[in-house]
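Working notes, structure below.
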């Protein structure tokens, strides 16, 4: 009998000692809460280790790599067309937008210009994939905060856009439609008129989202003033896209960098918001979706005629050299640093993805925040796991 | 809205359907009415002086050059449009700039589309292609606003650039004044640290610095050159892959072989890219100025033996994760990094995957199942017709 | 209960207990089926379960039968006894609520004089069940869920009770039959045909009651304890199989019970013009149907709010209760009292 | 349930229980990569609504789920988490492996960090090929799984070799 109790005593004392050690560094025994790797709030498999004091977060450390597929190593052992199929699976919501910077980098090294019609169609599909990506965000933001109905409307109206992408490219959202020097094939008959009507539907969807979620008082109390990111901190961490425009910086690669795509020929506007909080990020993305539908309408009006493929040798060999091309993807600035030595495949491809930098600010922005706000801030930063882990 | 003149599109619903009064929040309404003023930079560099952005874009499409050729030589073929896209409105406002000639396709991808009506509209285009949009596309509101905004970006940077542009000397092809200024001022600040520079006018600029000047270069870029935006940091392993290109099929093998025979030597030979280099591992980083949109790519050779580099996460907090990833993938140790632990790979992963000599086991066991010998197309000689 | 044949007391008791044990699960099934599956689906422009039974009506039978077959898991470090007891406690409070709700002149399990007082006292037992579940599952998420639930239910117990006080002052009687009778006999400025459903005079009380019920049932916008995106499933994280079914039944049973209470107190209960209050076959048959219809109407509003609104943060939720709901309900009581004295 | 396992139940009753199991498959949200968006379109969008078939996407914790759709790339770092989650699900449980990444590593067949196929970790009942498979393909996988559950005999352990859709 006594042996048993002595064993229990030793275990008890051991437990106390361990407990004391933990408390030593913290005056209160903080609780470590593990959000993820499987968690409805994180879009996929991001794990965040948070030390809590009651409901407040003392420190948050994201753990990644659960979706790391080693893209940069795989691109070194593949030829250019094979890489093209691989990279549109990085940011799987707007997959056409992943192909464009890589193709532009290769074209810059090969000094080939795609004919104007191809550039215009590329811009149209770029904006279509932006709409497909951000409409899901508008619905998802509602679900993260508890309004279940919003995401169903998002999925319903996103289907129309996917139909248009599939009609022209064959894939719902992994089109693999871009080629070095142009596009795979031209648009099917009647596609332009159909896309016009889909754009009108997306605009109605945006208005619906604005009334259902945007101007909802509880949504505003949950997001206004939460997760405020000033501009300098955003610049230091390399945030891009709607996250930095929501902090007030008027910077959009579509207008500011000299991409050969057709944004210059269209009249559109870059939306910014001075607050920099979660609501601002949601609001900027909502306006960007509307703006994207207007861009597509104008592009469809002025679509030039002509060939869609420049003269390209059948076996593509990019001459030796290095090129960096970045475009304004729906999530932010996505760029490829292509190093080629004249082989069938590139020598080294550095893939700069927007979500990687967007999430690197999480430890800074989550300090001293309530647990429910962790979800709001993560939802408003809007990252895709494939983008972070490559 | 201060947009200069409406673009080709004529539909009145140009502005988003968000009527002003629906926007209740005053800050929002201010935002909707005049976007350019709303982005009062809080502490960040003010929008650049008119001079910089105008000067940044030489009106004439400058010569794009492949890496090897020195930047002055004009490209053999294919007009590389270089101008960063000032348009009619901007040029007038900036004044003094050699106004872009009426027909210059500053953003035209192909030779500027002639003002004559375009060739017959494609069949499925449905509506006839409207008359070719006026040669000068609408001045983008924000860019115009940027030019008008007189605040100097950084006392020395703006003055220097404005002085350069003000001279109004004849813009010869290949001159890319803002990027040259950037490199000169970096060179003076590092006094000798800059080992090699490569400028592709109007496109990009590479600078290779010594590894001991690496931290100083970042400091200068951040505090003096206004490159406050941290883009990325990574590394390149210049050792040619000992596993060869298992992708090449039969026909490509011989095509590839003779190139390699003529080109750089076998696997042992290190052949570096744009700004040269001597060691196997080379650090690569890119910084951008969020206002003048100038990007600078920094490179530095890492000594092969001790593989060590100073960390820059104290200057740019974003570098923290990039350096962890580079350490994990290449094994380059970053001195002074707060917590250099695995980022992507599970703890027990040994080896550095992105090194060229790291084998991809699945490929060694069985080459790509889809390896079909690509038979030559009939009439291989003439290129595939468009 | 005045039945034709004289029954010994225990026989009447057995019938009553049996009746409640039958009514509550079927009522919950109807609520879940129509609202949680069908109404939510149609609100989100889709069909909802269609395969099980004609037009998906037997979906809940399939769910029930499946949950019975599931393996009962409990975490190793869980406190076994408290772990299994928690769902029973939550279910108990739902069943007890139905004791006092009158469905007709003669149809009421126990016409207590303190009817409404008993109902509110019993409804707070579920807080105990939730806390027991939260603590016993030895899981961080469950613990946080349990603590949040305790804070929230207590914070919203007060407006619930105070909203009811207004009704009691106006009816002058605590027993639910009395409240129904008061509503039936009252008249508005001499026009007595439709009686005086208290919602007309106590609209503030009705609104407060609905908001407090939404919080009692831990439904969005007050569903912090079971917040999917943060606490995974709050205190229900570790429950599987039959125990989860108890929680499920408890949650929606409580929804039915509270909307029945709201219907009785504010919409005139089982009485409609034309039914005599003393009893008789017609009233005893039509009464339950009327009560059911009014309850479904109230439940529709509750679930409608549930599917559209995002959830409030913990501190906003508490401040909303203490700063707005409780003062409002006190004002309501003051006004009702003043009117009672004047008229 | 011990009773069902030992197969003592009369034929019609076990068929009825099988019927109820097939009509109320509570599915567990375990979205990984691009297939998760197609799974979301299948679960959450009105056009391919899966609730019609009685598959309810409500439960959030594995304890209440009896079907898990592994949709996306399973990496070596994620394998232990996936294994632990599978074990937390109560017994009559089924697995659908959706997409070529989950089936066999897919386009990342030569990657150093991707597990080549989820069946190395957990037993799989239905394979849905495609990269990403269309929502209709997942629906077909679910319907075939339901047919199998309906006439499944819980007594014998071996459930037959896995179904491959299409």
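The values are calculated or read from the model by the stated rules, or taken from the named source; none is laboratory data. It should be emphasised that the depicted structure is a prediction, and the values quoted were computed from it without experimental measurement. Methodologically, a virtual Cβ is constructed for each residue, glycine included, from the backbone with ideal geometry; neighbour enumeration extends over all protein chains shown.
Data for the structure
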item: Conditions (1) crowded, with 19+ Cβ neighbours inside 10 Å; (2) over 13 Å from the mean Cα position of the chain (by Cα); (3) assigned to a helix (DSSP H, G or I); number of the one not met by residue D:149; result: (2)
item: Residue within the stretch C:260-268 that is within 23 Å of the chain's Cα centre (by Cα) and on the phi > 0 side of the Ramachandran plot present; result: yes
item: Wholly enclosed strands (runs of 3 or more DSSP E) of the stretch D:11-119 bearing at least 3 residues within 14 Å of chain A (Cβ to nearest Cβ); result: D:67-71
item: Residues of the stretch A:228-243 classified as out of contact with any strand residue (DSSP E or B) (no Cβ under 8 Å at 6 or more places or on another chain) and crowded, with 24+ Cβ neighbours inside 10 Å, total; result: 2
item: Residue check for residue C:336: away from chain A (no Cβ under 14 Å), touching a residue at least 24 places away in the same chain (Cβ under 8 Å), out of contact with any strand residue (DSSP E or B) (no Cβ under 7 Å at 6 or more places or on another chain) and under 17 Å from residue C:210 (Cα atoms); result: no
item: Among the residues listed as A:179, A:172, the single one being more than 9 Å from every other protein chain (Cβ to nearest Cβ) and either over 30 Å from residue C:304 (Cα atoms) or under 20 Å from the mean Cα position of the chain (by Cα) (or both); result: A:179
item: Considering residues of the stretch D:120-130 that are under 23 Å from residue D:21 (Cα atoms) and in a loop (DSSP other than H, G, I, E, B) only, the residue nearest to the other protein chains (Cβ to nearest Cβ); result: D:122
item: The stretch A:325-349, residues that are under 27 Å from residue A:281 (Cβ atoms) and assigned to a strand (DSSP E or B); result: A:325, A:326, A:327, A:328, A:329, A:332, A:333, A:334, A:335, A:336
item: Failed condition for residue A:83, given (1) farther than 23 Å from residue A:313 by Cα; (2) in a helix (DSSP H, G or I); result: (1)
item: Residue ID - farthest from residue A:388 (Cα to Cα), chosen from residues in the stretch A:301-334 that are surrounded by 21 or more Cβ atoms within 10 Å (Cβ to Cβ) and out of contact with any strand residue (DSSP E or B) (no Cβ under 8 Å at 6 or more places or on another chain); result: A:304
item: Single residue of B:340, B:345 found to be more than 22 Å from residue B:219 (Cα to Cα), in a loop (DSSP other than H, G, I, E, B) and at pLDDT 85 or above; result: B:345
item: Residue count for the stretch D:69-81, restricted to those that are crowded, with 24+ Cβ neighbours inside 10 Å and touching a helix residue (DSSP H, G or I) at 6+ places or on another chain (Cβ under 9 Å); result: 7
item: Residue in the stretch B:271-278 that is assigned to a loop (DSSP other than H, G, I, E, B), at pLDDT below 75, at negative phi and surrounded by fewer than 16 Cβ atoms within 10 Å (Cβ to Cβ) present; result: yes
item: Matching option when the condition is facing chain B (nearest Cβ under 7 Å), over 28 Å from residue A:179 (Cβ atoms) and in contact with a helix residue (DSSP H, G or I) (Cβ under 6 Å, 6 or more places away or on another chain), among A:290, A:281; result: A:290
item: Subset of the stretch B:227-268 (residues that are away from every other protein chain (no Cβ under 11 Å) and either touching a helix residue (DSSP H, G or I) at 6+ places or on another chain (Cβ under 7 Å) or modelled with pLDDT of 60 or more (or both)); result: B:242
item: Residue that is nearest to the chain's Cα centre (by Cα), among those in the stretch B:187-211 that are without any contact (Cβ under 8 Å) to a residue 40 or more places away in the chain and under 21 Å from residue B:302 (Cβ atoms); result: B:194
item: Count - residues of the stretch B:325-350 that are without any contact (Cβ under 8 Å) to a residue 24 or more places away in the chain and touching a strand residue (DSSP E or B) at 6+ places or on another chain (Cβ under 7 Å); result: 2
item: Options C:78, C:74, C:103: the member that is buried (at least 18 other Cβ atoms within 10 Å of the Cβ), under 25 Å from the mean Cα position of the chain (by Cα) and assigned to a loop (DSSP other than H, G, I, E, B); result: C:103
item: Residue tally, condition crowded, with 23+ Cβ neighbours inside 10 Å and within 8 Å of another protein chain (Cβ to nearest Cβ), over the stretch A:214-227; result: 2
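Conditions tested, residue by residue: (1) crowded, with 22+ Cβ neighbours inside 10 Å; (2) touching a helix residue (DSSP H, G or I) at 6+ places or on another chain (Cβ under 8 Å); (3) in contact (Cβ under 8 Å) with a residue 60 or more places away in the chain; (4) under 27 Å from residue C:88 (Cβ atoms).
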residue	(1), (2), (3), (4)
C:212	yes, yes, yes, yes
C:222	yes, yes, yes, yes
C:239	yes, yes, yes, yes
C:255	yes, yes, yes, yes
C:272	no, yes, no, no
C:295	yes, yes, no, yes
C:300	no, yes, yes, no
